[in-house]
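Enquirer: Here it is, the structure in full.
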Amino acid sequence: MRAKAEDLRRDGKKIAVVPTMGALHEGHLALVRHARARADVVILTIFVNPTQFGPKEDLSRYPRDEEGDLVKARPAGIDLAFCPSAEAMYPPGAQTFVEVRELQKPLCGASRPGHFAGVASVVTKLFHITKPHLAVFGEKDYQQLAIIRRMTRDLDFGIEIQGVPIVREADGLALSSRNAYLSPEQRLAALSLSKGLAAAEAAYKGGERDAKALVAAARAPLAAEPLARIDYVELRDADELSELERADQKAVLAIAAFVGTTRLIDNRVLGG
Ligand code: PAF
C-alpha cells in the first residue's frame with residue numbers, strides 16, 4: 001500500500017482516504033462519495049482496530065463482512081481498499097501510541113479509557129501508509145473527529161481533514177454499524193437518542209441557552225425509555241469539548257446511551 005501510494009503521489013494524483021472498521025452502511029458510503037468528488041484516487045481502509053476496544057467491549061463480535069463491504073463500496077467510488085490484518089498493523093513488541101491529551105478525556109473518553117489513544121494511533125498509521133492529501137470522517141463520532149483534526153494539526157501531518165454530516169434513517173436513528181446488534185424493540189428504544197437531541201434543539205431554537213435545561217430536554221426521552229440507559233448527555237464547547245454553562249457559543253450536545261448491551265452515540269451541533 002505504501003509503495004502504491006508513493007507511486008500515486010509521484011504521478012501527481014490527489015489521494016483521499018476513508019478510514020473505516022467495515023460493516024459499511026449508507027453513512028460510510030456518504031464518506032466515500034464525499035471523497036470521490038474531491039480527489040483523483042479514493043482509498044477505503046477496513047480494519048477492526050483492536051487497540052480502540054476495551055477488554056469488556058465488542059471486538060470479537062464486531063460485525064465483519066469484507067466481501068460485502070467491497071461490493072457496496074465499489075459503486076460508491078473507491079479505487080483501492082486497504083484491509084490489513086491485526087498482525088500486520090501491530091507486529092510483536094508494538095508499543096508506541098499517539099494521545100491527544102485533553103480532547104480525549106471527556107465524553108466517550110471518560111467511559112472508554114484508552115479508546116482514543118487506539119483511534120489516534122491507528123489513524124496515524126493509516127495516514128502514514130496511505131499518504132493521503134485528504135481524509136474523510138463522519139460527524140457522528142464527533143469527539144473522534146475533533147481529536148483527529150487536532151492531532152493532524154499538532155503533529156503537522158499536512159492532511160486536510162473533512163467531516164461529513166450524520167446520515168439518519170427516515171425516523172431519525174443515526175446510522176451505525178452497531179445498529180445491527182439491536183432487536184426490533186431495542187431499535188425503537190434507540191430512537192430516544194435522536195428524540196432527545198431534537199427536543200434539545202427545539203428548546204435551543206426557542207431561545208433556551210442554559211446548559212442544564214438543554215441537557216434536561218435531551219435526557220427526558222432517554223429517561224422515559226425503559227430499554228435505554230444513559231452513559232452521558234452533555235453540552236460542550238464545539239471545538240475544545242470543555243464544559244459549558246450556557247450555549248452562547250458554538251456547542252455540541254452529545255449523547256451516549258446503552259440500549260441493551262449496545263452502546264450508541266449521537267450528537268447535534270447548536271449555534272455557530
Ligand atoms: O470511526 C471508525 O470507524 C474508527 O474509529 C476509525 C476512524 C476507522 C479508526 O479505527
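Enquirer: If I go through the range 122-139 residue by residue, how many of them are farther than 21 Å from Ala37 by Cα and under 15 Å from the mean Cα position of the chain (by Cα)?
Expert: 2
Enquirer: Now for a separate question. Which members of the range 50-74 meet the condition of being crowded, with 19+ Cβ neighbours inside 10 Å and within 21 Å of Lys4 (Cβ to Cβ)?
Expert: Within the range 50-74, Asp69, Ala73 qualify.
Enquirer: Is it fair to say Ile46 is more than 30 Å from Leu235 (Cα to Cα) and in contact with a Gly (Cβ under 7 Å, 6 or more places away or on another chain)?
Expert: Taking the combined requirement at face value, the residue satisfies it.
Enquirer: Right, next: Surrounded by fewer than 23 Cβ atoms within 10 Å (Cβ to Cβ) and more than 17 Å from Lys140 (Cα to Cα), is that true of Gly22?
Expert: No.
Enquirer: Could you go through the range 103-119 and let me know if any residue there is β-branched (Val, Ile, Thr), under 21 Å from Val164 (Cβ atoms), touching a strand residue (DSSP E or B) at 6+ places or on another chain (Cβ under 6 Å) and not in a loop (DSSP other than H, G, I, E, B).
Expert: Looking for residues that are β-branched (Val, Ile, Thr), under 21 Å from Val164 (Cβ atoms), touching a strand residue (DSSP E or B) at 6+ places or on another chain (Cβ under 6 Å) and not in a loop (DSSP other than H, G, I, E, B), one finds none in the range 103-119, hence no.
Enquirer: Exactly one of (1) over 23 Å from the mean Cα position of the chain (by Cα); (2) crowded, with 17+ Cβ neighbours inside 10 Å; (3) over 23 Å from Glu243 (Cβ atoms) is unmet by Glu185. Its number?
Expert: Unmet condition: (2).
Enquirer: Can you name the residue in the range 248-272 that is over 16 Å from Leu197 (Cβ atoms) and in contact (Cβ under 8 Å) with a residue 40 or more places away in the chain and, of all such residues, is surrounded by the fewest Cβ atoms within 10 Å (Cβ to Cβ)?
Expert: Within the range 248-272, the match that is surrounded by the fewest Cβ atoms within 10 Å (Cβ to Cβ) is Thr261.
Enquirer: Name the residue that is surrounded by the fewest Cβ atoms within 10 Å (Cβ to Cβ), counting only residues in the range 94-143 that are among the polar types (S, T, N, Q) and within 17 Å of Pro19 (Cβ to Cβ).
Expert: Per the criteria, the residue is Thr124.
Enquirer: When you scan the range 1-34, how many residues do you find that are among the hydrophobic types (A, V, I, L, M, F, W, C), in a helix (DSSP H, G or I) and over 16 Å from the mean Cα position of the chain (by Cα)?
Expert: Residues flagged as among the hydrophobic types (A, V, I, L, M, F, W, C), in a helix (DSSP H, G or I) and over 16 Å from the mean Cα position of the chain (by Cα) within the range 1-34 amount to 3.
Enquirer: Out of the residues in the range 10-60 that are free of Cβ contacts under 8 Å to residues at least 24 places away in the same chain and charged (D, E, K, R), state the one that is nearest to the ligand (Cβ to nearest atom).
Expert: Filtering the range 10-60 for residues that are free of Cβ contacts under 8 Å to residues at least 24 places away in the same chain and charged (D, E, K, R), the one nearest to the ligand (Cβ to nearest atom) comes out as Lys56.
Values quoted throughout were computed directly from the atomic coordinates according to the rules given, and no laboratory measurement underlies them. Model, not experiment: these values are computed from the prediction. Neighbour counts run over all protein chains shown; Cβ positions are idealised from the backbone, glycine included.
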